[in-house]
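Below is one structure, written out as structure tokens; the observations come after it.
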Amino acid sequence: MKKNNFLSGALILSVGGILAKIFSAIYRIGLTRILGGEGIGLYQLIFPLYSLCIVVTTAGLPMAISKVISRYKDCQSNIIKKCLRTTMLISLFIGLILAGFSKPLANLQGANDIWICYLILAPTIMIISATSVLRGYFQGLGYFAPSTVSNVSEQFVKLVVGLVASLVLIKVSLIMAIIGAVVSIVVSEIISLLILVLYLKKKPLKNNVTDCEISTKQIFKDVLPITLTNVILPISSFIDSVLVVNLLAINFSKQMSIFMYGVESGAVGSLISLPTIFSFAIASVLLPSLSTNSRVQNKTYKLALGLKIVLIITIPCVICFTLIPDKLIEILYSNNLSGYGVEGLNMAFRLLTISGFGVVFLAINQLYSSCLQAMDKRYATVRNLIIAVVVKFVIELIFMPSSMINIYALAIGNTACYITAMALNHVEILQSFPLKFDYMFMCKLLLCNAIMLVALITFMTLCKTALTSLLGLVLVGLIYIACLFLFKVFNNKDIAMFKYKTIRQ
């Protein structure tokens with residue numbers, strides 16, 4: 001069996017994440033075109049609560065279980081069986097609550113028709129629980145292919161089934177088209193789990209020692225803090241799905257409020273999440289890697305290298321999000337975001353400019369959170385994220401009722417949340433990792449971005465259509481990559497971290 005080295009594992013997860021995000025982006029763009037602004041707003045209202053249910057049962061499970069597996073490799077079978085038993089019971093309970101209270105919850109959000117969607121999604125909570133446990137098992141062994149294949153397959157199935165179903169059912173009604181898209185989620189989750197089960201047959205669970213015993217309490221001592229960290233933002237999103245629409249309704253109609261929320265959380269949110277594919281992949285690999293008893297210098301090097309990669313990827317994204325938001329939105333959504341007397345495209349431009357600034361802080365914070373969890377600073381990230389979310393809600397409550405600021409308060413609040421959490425976690429990180437500022441790396445990176453910026457301005461000035469703008473962005477990306485190699489941003493030691501090593505299991 002091939003075990004992935006630190007960055008080779010991150011590379012596999014990143015490539016899979018890119019493919020999955022490409023499928024997800026195509027799906028989201030296609031769905032936005034089919035459903036329109038109001039339809040995607042209703043669709044987006046479903047997911048904060050659904051995501052919250054998923055997070056309560058599975059949040060952080062792959063990362064947490066990978067940490068436990070990396071520490072107790074002789075107890076694979078006991079760990080996975082106990083995790084499956086516990087999470088399945090919790091997910092069954094949560095699923096029943098979601099199904100039973102689907103109508104009151106939909107009424108609370110001001111969208112009575114979406115209750116059927118909650119009913120359809122309820123059974124998938126158990127499926128996703130099992131999927132999360134199995135992904136954690138494979139990642140803990142340093143085997144990232146199963147997670148990648150299942151994730152990519154899941155998104156591809158959702159893309160095909162979702163777009164076909166919604167395109168056919170939109171002829172019946174808007175809510176039927178949304179239901180069709182929701183059914184595709186159920187189908188895709190079943191396929192994802194089946195793929196992992198097939199991988200499990202190739203690499204069955206085992207206990208390498210006869211007296212291997214690890215208690216459920218011991219396992220969930222590591223799992224709980226990671227779950228708590230991952231549950232805070234979905235809770236925040238669910239509160240937003242209720243709070244934002246009602247605050248906007250002070251100055252706008254209910255339909256307009258849903259439309260504005262859909263533009264920010266759907267159209268803009270999908271773009272903002274793209275760069276975090278890489279930071280999430282690196283964070284997923286960092287957690288089990290730093291959980292082992294290796295030297296502090298080695299752990300610090302891995303964190304520093306992860307930060308380098310995050311900066312290399314996110315800084316150009318921030319430049320594009322803040323300087324050419326109009327080009328990006330027009331390429332992806334054309335005129336499908338305008339409606340209700342408000343030009344949705346212009347709104348999306350401004351939202352992307354504000355939200356884009358926070359991408360680098362969000363990505364760095366993902367790495368910091370994993371590192372603190374690995375170093376057993378279990379509740380530091382929970383405390384810091386709660387503080388950051390409080391900052392976010394204070395901003396929203398103060399500024400969103402303003403007719404001038406309205407939905408932009410959500411983007412400002414999210415950005416402030418990422419900056420606050422990152423800054424607080426940075427203070428904690430410095431207590432465990434002797435990080436030093438790499439002046440040479442930053443100089444090279446800034447030079448690469450300066451060249452990319454000149455190319456970006458040049459190409460975007462010349463490109464007048466969506467297609468030529470897209471081609472221009474591809475060329476700008478290639479120029480940036482060439483500069484990274486030309487100025488040798490990565491040294492030989494960094495490059496060695498991408499290699500594979502073969503181990504016997």
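Any read-out appearing in this document is the output of simple, stated calculations on the displayed coordinates, not a laboratory observation. None of the values given here were measured: they were computed from a predicted structure. Glycine gets a Cβ as well: all are built from the backbone with ideal geometry, and neighbour counts include every protein chain shown.
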Next on the checklist: For a quick check: sort Y137, Y27 by the number of other beta carbons within 10 angstrom, fewest at the front.
Outcome noted: Y27, Y137
Checklist outcome for this item: A correct Stokes-Einstein calculation for segment 339-452, using the alpha-carbon Kirkwood radius, 20 °C and 1.002 mPa s, returns a whole-number D in µm² s⁻¹ of 132
Checklist entry - Name the residues of segment 174-199 whose amide N is less than 20 Å from a point 7 angstrom out from the Cα of V160 along the C-beta direction? => result 180-199
Item to check | Total lysine pairs under 14 Å (Cα atoms) in segment 297-454, excluding pairs fewer than 8 apart on one chain | outcome: 4
Checklist entry - How high is the relative contact order of segment 390-469, in percent, counting Cα pairs under 8 Å that sit 6 or more residues apart? => result 19
Item to check | Equivalent ellipsoid semi-axes, segment 43-195, via Cα gyration tensor eigenvalues times 5, rooted, Å | outcome: 31, 18, 10
Checklist outcome for this item: Fewest to most Cβ atoms within 10 Å: K221, K464 sort as K464, K221
Item to check | ³J(HN,Hα) computed for each position of segment 354-368 - Karplus, 6.51 cos²θ - 1.76 cosθ + 1.60, integer Hz, glycine/proline x | outcome: 5, 5, x, 4, x, 4, 5, 6, 4, 5, 5, 5, 4, 5, 4
Checklist entry - Along segment 90-102, what does the Karplus equation 6.51 cos²θ - 1.76 cosθ + 1.60 (θ = phi - 60°) give for ³J(HN,Hα), rounded to whole Hz, x for Gly and Pro? => result 5, 5, 5, 4, 5, x, 5, 5, 4, 5, x, 10, 4
Next on the checklist: So if I take the centroid of the Cα atoms in segment 249-267 and the same for segment 118-171, what is the distance between those two points in Å?
Outcome noted: 28
Next on the checklist: Whole percent per 5 Å bin, from 0 to the bin with the longest distance: what is P(r) over all C-alpha pairs of segment 96-139?
Outcome noted: 5, 23, 22, 14, 12, 10, 8, 5, 1
Checklist entry - Of all the C-alpha pairs in segment 104-175, what % are more than 19 Å from each other? => result 56
Checklist entry - What ranking of D326, D113, D240 emerges when the number of other C-beta atoms within 10 Å of each C-beta is taken as an exposure proxy, fewest first? => result D113, D326, D240
Checklist entry - Relative contact order (percent) for segment 373-429, with alpha-carbon contacts under 8 angstrom and 6 or more residues of separation? => result 42
